[in-house]
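Worksheet: the structure to be examined is printed underneath.
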Amino acid sequence: MGGKDLISIRDLAREEIEELFELTDKMDKRLASDSKPLKNAVIATLFFEPSTRTRFSFQSAAARLGADVLSLEDISTTSAAKGETFIDTIRTMDGYCDLIVIRHKLEGSARLAADVAERPVVNAGDGGNQHPTQTLIDLYSIRRFKKRIEKTNVCLVGDLKYARTMRSLLYGLGMFGANVTLVSPKGLEMDKAVISEVKSRFSASVSETNAMDFSDCDVLYVCRIQKERFADPYEAEKVQKEFRITGENLKGAKPEMVILHPLPKIDEIAPEVDASPNARYFEQAKFGVPIRMAVIMKLLGKA
Amino acid sequence: MLTVEEIESGTVIDHIRHGKGLRVLEILEIAAEYHSRVALVMNVPSNKMGRKDIVKVEGKLLNEKLMDKIALIAPDATVNLIQNSKVIEKRHVKLHSKLVGVVKCPNPKCITNTENIESVFIVEADKARCAFCERLFKSEELIE
Ligand SMILES: [Zn+2]
C-alpha cells in the first residue's frame, strides 16, 4: 500500500493488491496458528456508526494476530454527543493505539482521520463513499473461486446507483481487466461518470443491460434493491421481483458460475439458491478475516 | 463596439466565455451596494472565442483564490491589473491541479462541510474531485 493508511481502493495499484492477496493466502492458512505476531499491539475500532459484522470481522482478525482491541461502538452517544469534535476524538485515540479502524456516516471522514492521526488508519466505511476491505474481499473471492480476475465475465446485479459496494467493485474489476456487465433496473443504473472513468483509466470492458441473462456469466455479484428507492411501493415490489435471483433465472447459467453477495441479504436471492453449489457468499464473507489480517499486518509493517 | 469608460485602478477581466460574465461578478461578490464603478460587457466579438464577456471593476484586486474560482468557470480569462489608468500587469488565469480552500464541496454528506477544515479538490480535465468524499464535480458545479 502506497501510504500508511487504507482509505480507498483508488489509492491502490494492482500490484499492491496482488501482493496483499498473496499475504491473505498465507493468513488464511494460519488462521488458528499459535504464533501471535501482534502480541503487544493495540488496535482501536472506532465505529461512529454501528456495523456489527464489519466490526466483528476486524476484531476477529486482530484477535487471530494476537493484538488487543479497544472498541467503541456508536460513538455518537459518547464523546461526540458531549460536543467533542471528530478531529479531537481521533487525536485522542491516536495516542492510545497502534492502528485505527474507523467507520463513520460522513463521506471523507476516514481520509480526514488519516490526515490527523499518526497511526495507520483503515477505512471500514465512510458513508456512501468507500469500504476498501469489502472491495478487497470481493476481488479476492473471485480470484480464489475462479483462479483469476482478468477476462472473467462478471455481472453486477441490483441497485448500482446507490450501492457503494458496486462502484468500488467496478473500479477494482476494471483495474484487473475483468469483462463487466451491469444489470440494473431503470433509474438505478451505475453513474455514467464512474463507468467512463473505469473504461478510460483501465481500457476495461463494461456493458449495461436490464436483461437477467447469465448464460455467459462466470461470477454473478448481487446486491439489494431497497424499497425506499421507489416512490411507489407497487413499483418497488415489481422491480424487486424482477431482479431477484431464483432457480428459474439461473437455468441457462454455466454450472460453475459463482454467486457472490456482500451480505446481509434479505430476499434478493431465493432460498433455493442458497443450497446450490453456485452460492459462495458465505465463504466470501469468511475471507473478511484473512483479508483484514493481511491489511493490518501490512500497515503495521509486519509483512 | 460599445464604449465603456476606462477604470483608474482596479481589475479588468477579459476573455471570459460568453455568458459567464455575470457569474464572474458573483465570484467577485459584486452586489448592488458595491461602492465603485463596475462594468459588465457581454457578447463582445472576439477572433479567438467568437463571443466573449468582459468585466471591469474599480477598486478590486484579485487574490489567488479568486483567480482559481474564475479559472473554474472561465479557463481562458485574462486578468489585467490597472493602476493610474494603465495596465501594470497582465495574467492568464490558470486552473491549478489542486485547489485548497477555494470552493466548498457540494456534497452535503462530505465531512468537509461539518468539520472546520479546508476543502481540497484535485482537478481532472474540466472536472474536479473532492479529496475527501471522492465525488467528481463539473467545474461549474463548484461555484455556487
Ligand atoms: Zn467532498
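Rolling a 1.4 angstrom probe over the protein heavy atoms, how many square angstrom per residue are accessible across segment A:132-283?
I get 45 Å² per residue for this part.
For residue A:15 and residue A:148 in one chain, what is 0.36 nm times their gap in residues minus the Cα-Cα distance, to one decimal in nm? Provide the component values of the computation, followed by the final result.
Values: separation 133, 0.36 × 133 = 47.88 nm, distance 1.40 nm.
Residue separation times 0.36 nm, minus the Cα-Cα distance, leaves 46.5 nm.
Suppose each label sits 7 Å from its Cα in the direction of the beta carbon; what would the residue A:263-residue A:68 distance come out to in nanometres?
3.0 nm
In bins 5 Å wide, starting from 0, what share of all Cα pairs of segment A:132-283 does each bin hold, as a percent?
For segment A:132-283, the binned pair fractions read 2, 10, 21, 24, 22, 14, 6, 2, 0 percent.
Would you mind computing, in nm to one decimal, how far apart the modelled labels at residue A:229 and residue A:22 are, each placed 7 Å from Cα along Cα→Cβ?
3.9 nm
Any idea what diffusion coefficient segment A:29-155 gets from Stokes-Einstein, in µm²/s, Kirkwood Rh on alpha carbon pairs, 10 °C, 1.306 mPa s? Show your work: numbers first, answer last.
On the way: Rh = 15.8 Å.
The Stokes-Einstein estimate is 100 µm²/s.
Which order do A:203, A:35, A:109 take when ranked by solvent-accessible area (1.4 Å probe, heavy atoms of all protein chains), largest first?
A:203, A:35, A:109
Using the Cα centre as the reference, give the magnitude of the dipole from point charges on the C-beta atoms of chain A (Lys, Arg: +1; Asp, Glu: -1; all else neutral), rounded to the nearest 20 debye. Before the final figure, lay out the partial values.
Numbers: 44 positive and 44 negative charges, 119 e Å.
The dipole of chain A has a size of about 580 debye.
Among B:99, B:88, B:62, whose Cα lies farthest out toward the positive end of the dipole of chain B, if unit charges sit on the beta carbon of Lys, Arg (+1) and Asp, Glu (-1)?
It is B:99, whose Cα lies furthest towards the positive end.
Across peptide B:125-133, what mean number of C-beta atoms from other chains lies inside 10 Å of a residue's C-beta?
Values: counts 0, 0, 2, 0, 2, 4, 4, 11, 10.
For peptide B:125-133, the averaged partner shielding equals 4.
Pairs of alpha-carbon atoms within less than 8 angstrom and 6+ residues apart define the contacts here; what relative contact order does chain A have, in percent? The partial results should precede the final answer.
Details: 557 pairs, mean separation 58.2, N = 303.
Relative contact order here is 19 percent.
Counting pairs of alpha carbon atoms under 8 Å apart in space and at least six apart in sequence, what relative contact order in percent does segment B:14-144 give?
20 percent
Quick one: 3J(HN,Hα) in Hz for segment A:190-204, Karplus 6.51/-1.76/1.60 with θ = phi - 60°, rounded, Gly and Pro as x.
4, 3, 4, 5, 5, 4, 5, 5, 5, 5, 6, 6, 10, 6, 7
Which three lengths, in whole Å and largest first, does chain B cover when its Cα atoms are put on their principal axes?
47, 32, 26
Hey, any idea what Rg/Rh is for segment B:48-90, computing Rh the Kirkwood way over Cα pairs? Could the numbers behind the result be given before it?
Details: Rg = 11.4 Å, Rh = 11.7 Å.
Radius of gyration relative to Kirkwood radius: 0.97.
Please list, in chain and number order, the residues 5+ apart from residue A:101 or on another chain whose amide H is under 5 Å from its amide H, with Hs placed from the backbone.
When sequence neighbours closer than 5 places are left aside, the close amide H contacts are A:44, A:45, A:46, A:122.
Under the Karplus relation 6.51 cos²θ - 1.76 cosθ + 1.60, θ = phi - 60°, what is the ordered set of whole-Hz ³J(HN,Hα) values for segment A:175-181, x standing for Gly and Pro?
Per-residue couplings from phi come out as 4, 8, x, 6, 9, 10, 10 Hz.
Taking trypsin sites (Lys or Arg not before Pro) as exposed when DSSP calls them loop (any state but H, G, I, E, B) and at most 13 other Cβ atoms lie within 10 Å, what is the longest stretch of chain A free of them, the sites themselves excluded?
Numbers: sites that count: A:39, A:147, A:148, A:151, A:186, A:251, A:302.
Answer from the scan: A:40-146.
Starting from the Cα of residue B:84, step 7 Å toward the Cβ, then list every residue of segment B:3-18 with an amide N under 20 Å from that point.
Output list for this probe position: B:6-12.
Could you give the size of the charge dipole of chain B about its Cα centre, using +1 on the Cβ of each K and R and -1 on the Cβ of each D and E, expressed in debye and rounded to the nearest 20? Kindly include the intermediate steps, with their values, before the conclusion.
Values: 22 positive and 21 negative charges, 88 e Å.
Computed charge dipole of chain B: roughly 420 debye.
First compute the accessible area of segment B:1-50 with a 1.4 Å probe, then give the percent of it belonging to carbon and sulfur atoms. Let's see the in-between values first.
Working: 1630 of 3240 Å².
Answer for segment B:1-50 is 50 percent, counting heavy atoms of protein chains only.
When the Cα centres of segment A:162-215 and segment B:76-106 are compared, how far apart do they sit, in Å?
Distance between centres, Cα-based: 39 Å.
Distances longer than 14 Å among the Cα atoms of segment A:151-224: what percent of all pairs is that? Could you put the intermediate results ahead of the total?
Details: 1412 of 2701 pairs.
Counting every Cα pair in segment A:151-224, those more than 14 Å apart make up 52 percent.
To the nearest whole number, what is the average tally of beta carbon atoms from other chains within 10 Å of the beta carbons of peptide A:108-117?
Values: counts 18, 7, 2, 8, 8, 1, 0, 4, 2, 0.
The shielding value for this peptide is 5.
Any chance you could list P(r) for chain A, counting all Cα-Cα pairs in 10 angstrom bins from zero, rounded to whole %?
Result, from short to long distances: 6, 27, 33, 23, 9, 1 percent.
Provide the per-residue ³J(HN,Hα) series for segment A:114-123, in order, calculated from phi with Karplus coefficients 6.51, -1.76, 1.60 and θ = phi - 60°, each as a whole number of Hz, with x at glycine and proline positions.
5, 5, 7, 7, 7, 6, x, 10, 10, 7
Given the pairs B:52/B:90; A:105/B:127; B:20/B:56, which span a C-alpha to C-alpha distance of over 20 angstrom in this model? All intermediate terms of the calculation are to be shown ahead of the outcome.
Numbers: B:52/B:90 18 Å; A:105/B:127 25 Å; B:20/B:56 14 Å.
Pairs exceeding 20 Å: A:105/B:127.
Would you compute, from DSSP H runs of 4+ residues alone, the mean residue ellipticity of the protein assembly as shown at 222 nm, taking -39500 (n - 2.57) per run and dividing by the full residue count, rounded to the nearest 500?
Working: 13 runs with 133 residues, N = 447.
Computed mean residue ellipticity for the protein assembly as shown: -9000 deg cm²/dmol.
State the answer as a single residue: which of A:277, A:128, A:24 lies farthest towards the positive end of the charge dipole of chain A, with beta carbon charges of +1 for Lys and Arg and -1 for Asp and Glu, about the Cα centre.
A:24
Among DSSP beta bridges whose residues both lie in the protein assembly as shown, state the antiparallel percentage, nearest 5. Write out the running numbers ahead of the final one.
Working: 34 of 70 bridges.
Of the beta bridges lying entirely in the protein assembly as shown, close to 50 percent run antiparallel.
Need one value for B:111-120: mean number of C-beta atoms belonging to other chains within 10 Å of its residues' C-beta atoms. The partial results should precede the final answer.
Details: counts 15, 5, 3, 6, 8, 3, 6, 0, 1, 3.
If you average over the peptide's residues, the count of other-chain Cβ atoms is 5.
The values are calculated or read from the model by the stated rules, or taken from the named source; none is laboratory data. Keep in mind the model is a prediction, meaning the values are calculated, not measured. No Cβ is skipped: glycine too gets one built from the backbone with ideal geometry, and neighbour counts run over all protein chains shown. Surface accessibility is based on the protein's heavy atoms, side chains included, excluding ligands, DNA and RNA. Shrake-Rupley method; radii C 1.70, N 1.55, O 1.52, S 1.80 Å.
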